[in-house]
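Asker: Take a look at the following structure, please.
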Amino acid sequence: MDTCLSSSSNIPSKMKAWVYAHHGNPVDVLKLESDVDVPQVKDYQVLIKVVAAGLNPVGFKRILGLFIEADSPLPTVPGYDVAGVVVKVGSQVTLFKEGDEVYGNINEKGLDHPKRYGTLAEYTAAEEKLLAPKPKNLSFVEAASIPLAIGTAYEGLEKTALSVSKSILVLGGAGGVGTLVIQEVAIYNGEIGDFDFSFGLEDGRSGLFTSNESW
Ligand SMILES: NC(=O)c1ccc[n+]([C@@H]2O[C@H](COP(=O)([O-])OP(=O)(O)OC[C@H]3O[C@@H](n4cnc5c(N)ncnc54)[C@H](OP(=O)(O)O)[C@@H]3O)[C@@H](O)[C@H]2O)c1
């Protein structure tokens with residue numbers, strides 16, 4: 001992505017974006033277009049100049065057509081995760097202003113009508129409540145790798161209802177979600193200070209954690 005940052009005074013009406021007009025293998029159906037409309041912001045949305053976008057399995061599955069019933073109409077710009085710079089704010093936005101560096105997952109519900117104009121584009125729009133200030137110690141690329149996966153990791157841990165003496169086996173512990181589950185458990189361990197960790201399945205793919213407290 002071009003990292004030359006815009007302000008509201010020079011936002012173009014058209015942008016480059018990855019688009020699919022038919023479902024299928026992304027190699028076949030995903031095209032880089034240069035005349036896609038820049039999304040309009042609604043009252044509670046900001047327009048983000050995309051610096052980095054994250055890729056997640058759900059994006060791939062969506063392009064394949066596995067969620068047609070709840071998907072956005074075609075053609076669609078895919079992509080959930082973004083890190084970038086706010087270049088325009090809606091009339092009701094209070095949390096951010098032009099120039100702020102933000103990151104987030106632009107879809108509140110990943111499989112319930114995700115936005116038609118996703119993050120694999122020069123610009124994307126998102127509700128302010130879905131965004132957070134980008135930490136200064138993270139690059140844009142690092143920040144864009146986090147939002148959907150860390151939310152998934154957190155929801156998964158909540159569902160385990162981790163409690164006294166329970167163990168969690170994290171399958172795929174080296175993957176996007178798995179690494180974040182392990183880090184969240186580590187943070188939790190720091191807070192309550194009473195966790196047993198067993199790393200060490202030889203392929204590094206899994207970890208076993210035993211809790212002495214409730215999640
Ligand atoms: N990313 C998200 O935000 C998100 C959200 C909702 C649901 N999910 C689902 O959660 C799952 C993981 O997503 P992810 O983003 O973490 O994917 P990922 O980054 O590709 O990680 C997948 C992990 O699974 C491991 N793995 C693959 N095949 C395996 C096997 N046969 N035996 C043991 N381990 C195996 C991989 O190990 P190697 O790297 O060594 O191959 C890798 O560590 C997917 O089913 C995805 O659809 C993800």
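Asker: Please give me, ordered by residue number, the trypsin sites (Lys or Arg not before Pro) of the stretch 75-169 that lie in loop per DSSP and have at most 12 other Cβ atoms within 10 Å. All intermediate terms of the calculation are to be shown ahead of the outcome.
Answerer: Values: sites: 88, 97, 109, 115, 116, 129, 136, 159, 166; in loops: 97, 109, 115, 116, 136, 166.
Answer by residue number: 97, 109, 136.
Asker: Sorted from fewest to most neighbouring beta carbons within 10 Å, what does the list 139, 34, 145 look like?
Answerer: Values: 139 13, 34 9, 145 23.
If I rank by nearby Cβ atoms, fewest first, I get 34, 139, 145.
Values in this text are rule-based calculations from the coordinates and carry no lab data. Only a predicted model underlies this, so the values are computations on that prediction, with no experimental measurement involved. Because the Cβ atoms are built from the backbone with ideal geometry, glycine has one as well, and the counts that use them run over all protein chains shown.
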